[in-house]
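I have placed the structure first, in the form of structure tokens, so that the comments after it can refer back to it.
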Amino acid sequence: MADLLGFVLSGLVSGALYALLATGLVLSYSASGLFNFAHGATAYLCALGFYELHSGFGWPAIPTALLLVFVIAPGLGWALDRLMFRKLARVGETAQIVATIGLLVALPALGLWVVELLEEAGASVKPAENQFGLPGVGPSPAESWQLMDGVGIDSDQLITWVATAVVAVGLWILMRHTPLGLRLRASVDNRSLVELRGISADRLSSLAWMLSSGLAGLAGVLATPLLGLSSHDFTLFLFVSATAAVLGRFMSIPLAFAGGLGLGVLQNLVAGYASFADDITGFRTAVPFLILFAGLLILTRRQRTAGTAAVDAPPIDYLAGKSWAHKWGPWAVAAVLLALAFYTVTTPFWSGILAQGLAISLVFISFTVVTGLGAMVSLAQATFVTGAAMVAGLLMSHGWPFIGAALVGTCVAAVLGALVALPALRLGGRSLALATLALAFLADQVLFQMGWLRNGDTGWEIPRPVFGPVDLTDDRAMGVAMVVLVVAAVAAVSALRDSPSGRAMLAVRSAPAAAMASGVSVVRTKLMLFTLSAGLAGFGGVMYASYQTRITATDFTAMTGLIWLAVVVAAGVRRPQFAVVAGLVFAVMPPLMSDYVTESAHLPVILFGLAGLALANDPDGYAAAASVRRHRRKAAASSPAPDGGARPADPAPTATDAALQLRGVRAGYDGAPVLTGVDLAVRPGEILALLGPNGAGKSTTCKVAAGLLSAQGGTVYVAGHDATRHGAVRRARAGVVLAPEGRGIFPSLTIEENLALHLPDKAAREAVYARFPRLAERRKVTAGSLSGGEQQMLALAPLLQDPPKVLIADEPSLGLAPRVVDEVFQLLTELRDAGTALLLVEEKAAEILGVADTVAYLSQGKVTWCGPRSEVQADRLTEAYLGIAGAKGSEGPDSEGPDSEGAGSEGPGPEGAGSEEQEAGSAGVNGAVPRPAQPGDAPTPTAADTGDADNGTDTSTGTGTDPSAPSTEVARP
């Protein structure tokens, strides 16, 4: 019993630290969508700072701890958010993972380098790296108390428990009972909707990162007596705490906190009672990674991929279609010059350095296969390198020739890669990265500790081979051989990329569901990628070990693989030639830094780690970015001015009485134009209905008007003031509200919490409940469990209590029953009567024309007609809204009308990434789009309102009278 209690109590100490780290991970992930691999590095920096300030400079323990936890650590989180994390939130997951891994590598090295510099300057610092048995916040030495025979606690443990309990209570109060906590939870649900409510999501993100870093700082200070000052141990501690974050689904702080406590206890119980593993070297130290791997497999679910776009889309290949000489000529010349340099201009020292860089390039190319082609972040590449080299060394010690041993070692690495991939392939993104890292740590702790494979601390000798007259013991010959092997590897990977199998791999990377529907086996493709990558890494490992002439079990640890990944991705992971650049930089940089900058071993590590910062601006790496920028400069220099240099048409004059006006607005996505000159004006107490076919740009117009999308040209006025450069937050505070397509609610928050975000005053909320009794009955129910009609009522109800100056509603009736639609439009007319200017986009033409004052037709990014509802022509409505064109009296779809051929050929495609423009039923016949009026077109009758369709025309379905062409006249608002 005493043993059990002792295990539980000691497990609660490590569990408390896991809970603190896991809570910080969930906080930062919730606010920004980033999993911060550098969280443990922040904890280490604070532990290092506490040790040096307290033990070195003699500062009092408690004030020092408070300074670090409440000032230094939050300041670091704020700075990293402003410099890096905000931009990273907008790039692909691969760049996010690698950038934070770069920080994980760089921050501890930065702290140790600062200590070195202070020591050289004569400051009273103490040796810091790998120090153990250090004092904590409490008395030194720690005081102890015996609870029962064999069971005791000390002051450091007690302080850890008390601090963790205080944090737990404080976080619960913050997240559940304060406006800040409510806003933080809202930003988890829908970041863009938070901004549409006038709340700065960036500011919330900064606060979340500050809180997260403060928790990491607290964990670091409290862990100093337990972990000492080993950056490696802090990193391991982080990855174990990630299991607790998985328990909380990266969303729930209480579950993550409880999971951390339970994880510490479980780890101790397994290590204490697993007597079956006494004969397995390293098992007890590997228990946390077994738990992490099992937790990821059991608790992580694959996200739905059907119908979603790639989150890590490749950049435009500007060399596609170019000749071989254009694409590969410069690289071929560089390879030849490098081979010649070994026997002409390089010294023996630099010949060895370059040969080393080329050898490691073979390993780096393996990242191109698994990450560049497969979009899978593998953190186990160093394991494959070590495994292949150890097997090759073992075989050569038994008399095997170099080639045979290298081939077997490569095959062993490939098999090991398949074994790693099989259980991990059901995961993706950060979960896959964590799983492969857990397996890499397991290999370090268990597999490579086996005596028959390890051969003690001396490892295995791997002599350089001699092939007839080619003696690779000469660094020059070794360098030329490496050039040949690297060229062969680059050519093979490039050929694979351009082959049918490579195209299948790229399809699986971009859209797994679509690839599967096309008959491509996603699992088999990913397994092949992992296996090929592991085999290539293993072969590179054998050649690199051959360059060094020896391999030991500690030469390439899992942490080494993290540095490699940061270096490769920072250069460019999609192309194998960029991996070669990374390998040469990795080899050349340290001696250059040592000769010309500093002899400190920490600075090169800092630079390699901080290279991840560049991924925030260039997610495809600096080598790839250089070629893209060069192409863009050439294109900009050679391309003519838009429209041949012609002066654009004058936009509409400024409407001084308009609540919202767009003048000549142009906008698009990723360089693809959608709006090409929109002119609109909405006045107070007016409903303007914006109609048009699918892809015309209606949702884009809404986003530009609300500030969610920046205009590329033109001007946006709010109440007569230029608001073009104002974002969504500032426009919302000026009274411009967007009700986005779907439901403008926060599904994880209750009805009461949704209303509180918009109406802080309780009396105002009670007035809403009085108007909508159904909401009052369910005020404690989460909004996501409401029906579609109830959700739309919840979105619009607070607007009635506090009417905005402008309401932009994008498909407010989408997916609602007819009765509910009537209620929604009744609410909209009430807002108009209260003086609100409304810009409505709707697919239900009959309903919207029943309430609209003004109607505008949008086609191909421009307003083609705008005028009072009374002047709406039924045939123009049919054509402009549904995309049907034809002469009055046409005999059917086969008639020779102007749009009978090539329907839709002039229309833009889908509006671009993030567009919500998917109006059901608005594609028209054969996808046709409105055409300009032609000379001789007959005039068409007008309709006073939607009741004009006397013959039973239902404009919401596009059936009824024969359509005819609209007028080209554009009435200025």
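Take the range 132-156 and flag every residue that is surrounded by 15 or more Cβ atoms within 10 Å (Cβ to Cβ) and touching a Ser or Thr at 6+ places or on another chain (Cβ under 8 Å). Correct list: LEU134, PRO135, GLY136, GLY138, ALA142, ILE153, ASP154, SER155. Quick check on VAL493: is it more than 25 Å from SER351 (Cβ to Cβ) and either more than 30 Å from the chain's Cα centre (by Cα) or not in a helix (DSSP H, G or I) (or both)? Judged against the criteria, VAL493 is not a match.
The residues listed here are PRO465, PRO500; of these, the one that is farther than 28 Å from GLY393 by Cα, in the same structural domain as GLY393 (by TED's automatic domain parsing) and more than 26 Å from the chain's Cα centre (by Cα) is PRO500.
Just to be sure, is PHE57 in contact with a helix residue (DSSP H, G or I) (Cβ under 7 Å, 6 or more places away or on another chain) and surrounded by fewer than 24 Cβ atoms within 10 Å (Cβ to Cβ)? Criteria not met by PHE57.
Out of the range 814-837, which residues are touching a strand residue (DSSP E or B) at 6+ places or on another chain (Cβ under 8 Å) and not hydrophobic (A, V, I, L, M, F, W, C)? Correct list: THR829, ARG832, THR836. Against the test of being surrounded by fewer than 23 Cβ atoms within 10 Å (Cβ to Cβ) and under 31 Å from the mean Cα position of the chain (by Cα), the options LEU422, LEU447 yield a single qualifying residue, LEU422. Of the residues screened, ARG183 is not one that is among the basic types (Lys, Arg) and surrounded by fewer than 18 Cβ atoms within 10 Å (Cβ to Cβ).
SER890 meets the stated requirement of being hydroxyl-bearing (Ser, Thr, Tyr), modelled with pLDDT under 70 and surrounded by fewer than 24 Cβ atoms within 10 Å (Cβ to Cβ).
Scan the range 815-864 for residues that are among the aromatic types (Phe, Trp, Tyr) and touching a Lys or Arg at 6+ places or on another chain (Cβ under 7 Å) and the total you get is 0.
May I ask you to verify whether ALA375 is crowded, with 24+ Cβ neighbours inside 10 Å, among the small types (Gly, Ala, Ser), within 26 Å of the chain's Cα centre (by Cα) and at pLDDT 90 or above? For ALA375, the condition - crowded, with 24+ Cβ neighbours inside 10 Å, among the small types (Gly, Ala, Ser), within 26 Å of the chain's Cα centre (by Cα) and at pLDDT 90 or above - is not met. Residue pairs whose Cβ atoms lie under 7 Å apart, sitting 6 or more positions apart in sequence or on different chains, and linking a residue in the range 471-495 that is in contact (Cβ under 8 Å) with a residue 12 or more places away in the chain to a partner that is surrounded by fewer than 17 Cβ atoms within 10 Å (Cβ to Cβ) and assigned to a helix (DSSP H, G or I), are ASP475/PRO348. Listed by first and then second residue, the pairs with beta-carbon distance under 6 Å, at least 6 apart or on different chains, first residue in the range 756-782 and under 25 Å from GLY198 (Cβ atoms), second assigned to a helix (DSSP H, G or I) and of a type in the set (Lys, Arg), are LEU759/ARG765. Please go through the range 675-691 and give me each residue that is of a type outside the set (D, E, K, R) and not in a strand (DSSP E or B), ordered by number. Of everything in the range 675-691, those that are of a type outside the set (D, E, K, R) and not in a strand (DSSP E or B) turn out to be PRO684, GLY685. Residues that are closer than 19 Å to ASP444 by Cβ, in a helix (DSSP H, G or I), touching a residue at least 24 places away in the same chain (Cβ under 8 Å) and among the aromatic types (Phe, Trp, Tyr) do occur in the range 237-244, at least one of them. Looking across the range 573-603, the residues that are out of contact with any Phe, Trp or Tyr (no Cβ under 7 Å at 6 or more places or on another chain) and assigned to a loop (DSSP other than H, G, I, E, B) come down to ARG574, ARG575, VAL597, THR598, GLU599, ALA601. Contact annotation: no residue pair with Cβ atoms under 6 Å, 6 or more positions apart or on different chains, pairs a residue in the range 389-411 that is more than 20 Å from PHE448 (Cα to Cα) with a partner that is polar (S, T, N, Q). Within the range 457-483, the set of residues being surrounded by fewer than 20 Cβ atoms within 10 Å (Cβ to Cβ) and out of contact with any helix residue (DSSP H, G or I) (no Cβ under 8 Å at 6 or more places or on another chain) comprises ASP457, THR458, VAL466, PHE467, GLY468, PRO469, THR473, ASP474.
Could you say whether any residue in the range 100-122 is hydroxyl-bearing (Ser, Thr, Tyr), closer than 22 Å to PHE239 by Cα and either outside the structural domain of VAL377 (by TED's automatic domain parsing) or surrounded by fewer than 22 Cβ atoms within 10 Å (Cβ to Cβ) (or both)? Scanning the range 100-122 turns up at least one residue that is hydroxyl-bearing (Ser, Thr, Tyr), closer than 22 Å to PHE239 by Cα and either outside the structural domain of VAL377 (by TED's automatic domain parsing) or surrounded by fewer than 22 Cβ atoms within 10 Å (Cβ to Cβ) (or both).
The values are calculated or read from the model by the stated rules, or taken from the named source; none is laboratory data. All values derive from a computational prediction rather than experimental measurement. As a convention, Cβ positions derive from the backbone with ideal geometry for all residues, glycine included, and neighbour counts pool all protein chains shown.
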